[in-house]
Amino acid sequence: MKGYYKDTMVVARMVDGEGFLVPVADDMKEMHRIYKLNDLGWFIWQYIDRAADLDELSSLISLEFDVERAIARKDAQDFLEDLVRVGAIFSEEEESDGPHD
């Protein structure tokens, strides 16, 4: 199972009903990107730490946005990969609780 974890150097803010991710840096030159999130992106950001994995996150999205679970999973996976690419989150493979050979 893969878990996702927010980078503590990225803050999320809602401003006038719009969600933004802002990387925090000591040097202003390093703070060159601000990411605007749509409703789905903001929802995913809010649940990254709460959902156990992509399957659970997909179920939450499917219920919240009334979309098929397969579509929710694809959209979530694409967005999570984007967040990993820009360094806003990290992914980590978690070991299963089952027996190991």
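What to note about this one:
- Qualifying positions in the range 55-79 - buried (at least 17 other Cβ atoms within 10 Å of the Cβ) and touching a Lys or Arg at 6+ places or on another chain (Cβ under 9 Å): Leu57, Ser58, Leu60, Ile61, Ser62
- Within the range 74-93, residues that are more than 16 Å from Leu21 (Cβ to Cβ) reach partners that are among the aromatic types (Phe, Trp, Tyr) with beta carbons closer than 7 Å, at six or more positions or on different chains, in the pairs Ser91/Tyr4; Glu92/Tyr5.
- Count of residues meeting criterion [surrounded by fewer than 12 Cβ atoms within 10 Å (Cβ to Cβ), assigned to a loop (DSSP other than H, G, I, E, B), modelled with pLDDT under 90 and not acidic (Asp, Glu)] in the range 1-32: 3
- Residues of the range 42-54 satisfying the condition of being surrounded by fewer than 14 Cβ atoms within 10 Å (Cβ to Cβ) and farther than 22 Å from Val15 by Cα: Arg50, Ala52, Asp53
- Looking only at the range 41-93, residues that are assigned to a loop (DSSP other than H, G, I, E, B), of a type in the set (A, V, I, L, M, F, W, C) and modelled with pLDDT of 95 or more come to 1 in all.
The values are calculated or read from the model by the stated rules, or taken from the named source; none is laboratory data. Source: prediction; values computed, not measured. A quick note on method: Cβ atoms are made from the backbone with ideal geometry, for glycine too, and the neighbour counts reach across all protein chains shown.
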